[in-house]
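Take a look at the structure below.
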Amino acid sequence: MDQERFVSSESLTEDEQHLTTLRPQLLKDYIGQAKAKNELSVYIQAALKRSEALDHVLLYGPPGLGKTTLALVIANELGVKIQTSSGPAIERPGDLLAILNELNAGDILFIDEIHRLPRIVEEVLYSAMEDYYVDIVIGQGSTSQPIHFELPPFTLIGATTRAGMLSQPLRDRFGIMAHMQYYEVEDLEMIVKRSAKVFQIAIDEQASHELAVRSRGTPRIANRMLRRVRDFAQVHGDGNIHIKDTRGALEVLQIDGLGLDPLDRKILTTMIEFYGGGPVGIATLAANIGEDIITLEDMYEPYLVQQGFIQRTPRGRMVTELTYRHLNYPLKDQ
Ligand code: ADE
């Protein structure tokens with residue numbers, strides 16, 4: 001069976017290999033996202049009390065905020081098995097059926113990037129989510145036949161960076177929606193310290209604070225930077241992580257004092273130098289910079305907006321006074 005291809009098929013990246021040890025197992029160890037955690041805790045306990053499958057959950061928000069980690073935690077809390085896949089990996093209804101076929105009552109199917117599910121697969125998912133069955137046609141031409149497949153009650157956890165790109169019928173079938181927020185500095189400090197402990201390396205207060213401030217509210221970025229800083233500390237320093245190692249590593253990585261990376265700064269300087277600070281459309285900007293629109297919209301813009309560097313207006317994106325000051329441009333006359 002070629003199921004390996006789409007169920008957790010890709011080999012783990014460096015980030016993900018470390019995460020298998022960095023990831024918390026229980027809600028109480030999951031740092032931050034208080035609102036999502038508190039709500040989920042109630043729904044999980046209620047489902048356990050009733051011995052029912054948890055209602056379907058949609059986790060949405062910018063990349064790197066721990067959606068996959070939270071899905072694994074939910075599975076652990078419920079004491080059920082979790083099958084993981086992603087929107088683009090499930091190409092045909094048959095692929096979906098193969099995964100659903102592996103589920104027992106109460107188990108979880110996690111679909112990352114669920115907004116990228118092909119439409120034909122999405123349509124099969126509707127009845128699976130609502131009434132736990134699928135009707136699909138197998139074979140082609142004269143040998144094709146419809147089959148009806150009953151499923152055990154299961155929980156779908158979908159993750160997406162863009163809830164707005166889900167079709168209405170799919171969105172409507174999630175009983176629980178959790179909006180993942182950028183993390184507070186204090187939460188990121190705790191995450192960095194916890195990760196350092198897992199790596200068995202000492203990090204001082206100042207260094208963990210600096211990493212937290214410069215990681216764009218994002219645990220994935222904080223953990224990635226921690227690994228690079230650890231490299232510097234072990235090669236150039238005394239093996240423990242101090243502020244000097246942290247500043248040195250971040251300078252090499254070209255991460256500035258507020259955590260902006262070279263592409264962030266390119267976006268902002270392009271807006272100032274080519275478009276007088278805006279307004280400019282995202283497509284125009286993306287073409288000028290040579291990045292695709294999705295990368296800009298999903299990975300870069302949300303943080304720049306949240307931090308007050310960019311404002312979205314009906315006529316396009318505009319930089320703010322903060323941007324001029326942060327990048328040392330003279331303020332435009334009003
Ligand atoms: N590692 C990455 N994200 C985390 C989180 N939210 N809580 C604890 N550890 C984490």
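Can you find a residue in the range 41-59 that is farther than 21 Å from Arg162 by Cα, away from the ligand (no atom under 16 Å from the Cβ), free of Cβ contacts under 8 Å to residues at least 12 places away in the same chain and charged (D, E, K, R)?
Yes.
Assess whether Leu100 counts as being at pLDDT 95 or above, within 15 Å of the ligand (Cβ to nearest atom), more than 27 Å from Arg228 (Cα to Cα) and outside the structural domain of Pro219 (by TED's automatic domain parsing).
On the way: at pLDDT 95 or above: yes; within 15 Å of the ligand (Cβ to nearest atom): no; more than 27 Å from Arg228 (Cα to Cα): yes; outside the structural domain of Pro219 (by TED's automatic domain parsing): yes.
The answer is no for Leu100.
With respect to the numbered conditions (1) surrounded by 15 or more Cβ atoms within 10 Å (Cβ to Cβ); (2) assigned to a helix (DSSP H, G or I), which one is the sole condition not fulfilled by Phe274?
(1)
Looking only at the range 104-143, which residues are assigned to a loop (DSSP other than H, G, I, E, B) and within 29 Å of the chain's Cα centre (by Cα)?
At the first step, the residues of the range 104-143 found to be assigned to a loop (DSSP other than H, G, I, E, B) are 104-107, 113, 117-118, 132, 139-140.
Once the filter is applied, which keeps residues that are assigned to a loop (DSSP other than H, G, I, E, B) and within 29 Å of the chain's Cα centre (by Cα), the range 104-143 yields Asn104, Ala105, Gly106, Asp107, Glu113, Leu117, Pro118, Tyr132.
Considering only residues that are of a type outside the set (Ser, Thr, Tyr) and either farther than 29 Å from Arg116 by Cα or open to solvent by 40 Å² or more (accessible area, probe 1.4 Å) (or both), which ones fall in the range 280-301?
Within the range 280-301, Ala283, Ala287, Asn288, Gly290, Glu291, Asp292, Ile293, Ile294, Glu297, Met299 qualify.
Yes or no, residue by residue, for (1) surrounded by fewer than 17 Cβ atoms within 10 Å (Cβ to Cβ); (2) in contact with a strand residue (DSSP E or B) (Cβ under 7 Å, 6 or more places away or on another chain); (3) not acidic (Asp, Glu):
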{"residue": "Tyr126", "(1), (2), (3)": "yes, no, yes"}
{"residue": "Asp135", "(1), (2), (3)": "yes, yes, no"}
{"residue": "Ile138", "(1), (2), (3)": "yes, yes, yes"}
{"residue": "Ala159", "(1), (2), (3)": "no, yes, yes"}
{"residue": "Tyr182", "(1), (2), (3)": "no, no, yes"}
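Output yes when any residue across the range 110-120 is more than 23 Å from Val73 (Cα to Cα) and surrounded by 20 or more Cβ atoms within 10 Å (Cβ to Cβ), and no when none is.
Yes, the range 110-120 has at least one match.
Going through Gly175, Gly164 one at a time, which residue ends up being modelled with pLDDT of 95 or more and surrounded by fewer than 23 Cβ atoms within 10 Å (Cβ to Cβ)?
Criteria check complete, one pass: Gly175.
Taking into account only those residues within the range 98-109 that are open to solvent by less than 20 Å² (accessible area, probe 1.4 Å) and not β-branched (Val, Ile, Thr), which is farthest from Ile82 (Cα to Cα)?
Looking at the filtered set, the residue picked out is Ala98.
Can you tell me how many residues in the range 205-217 are more than 17 Å from Gln254 (Cβ to Cβ) and either open to solvent by less than 50 Å² (accessible area, probe 1.4 Å) or not charged (D, E, K, R) (or both)? Spell out how you get there, then give the answer.
Residues of the range 205-217 that are more than 17 Å from Gln254 (Cβ to Cβ), as a first pass: 205-209, 212, 217.
Narrowing further to those that are either open to solvent by less than 50 Å² (accessible area, probe 1.4 Å) or not charged (D, E, K, R) (or both): 206-209, 212, 217.
Selection size over the range 205-217: 6.
Hey, among the residues in the range 134-191 that are more than 16 Å from the ligand (Cβ to nearest atom) and among the charged types (D, E, K, R), which one's nearest to Lys67 (Cα to Cα)?
Ranking the candidates gives Arg162 first.
Please go through the range 308-334 and give me each residue that is open to solvent by less than 90 Å² (accessible area, probe 1.4 Å), over 11 Å from Ile267 (Cβ atoms), of a type outside the set (A, V, I, L, M) and at pLDDT 95 or above, ordered by number.
Residues satisfying the conditions are Gly308, Thr320, Tyr324, His326, Tyr329.
Among the residues in the range 15-33, are any within 15 Å of the ligand (Cβ to nearest atom), under 30 Å from Arg230 (Cα atoms), acidic (Asp, Glu) and under 17 Å from the mean Cα position of the chain (by Cα)?
There is at least one residue in the range 15-33 that is within 15 Å of the ligand (Cβ to nearest atom), under 30 Å from Arg230 (Cα atoms), acidic (Asp, Glu) and under 17 Å from the mean Cα position of the chain (by Cα).
The values are calculated or read from the model by the stated rules, or taken from the named source; none is laboratory data. The structure presented is a predicted model; accordingly, all values stated were derived computationally and were not measured. Neighbour counts are summed over all protein chains in view; Cβ atoms, including those assigned to glycine, are modelled from backbone coordinates with ideal geometry. Note: accessible area is taken over every heavy atom of the protein model, side chains too, but ligands, DNA and RNA are not part of it. Shrake-Rupley method; radii C 1.70, N 1.55, O 1.52, S 1.80 Å.
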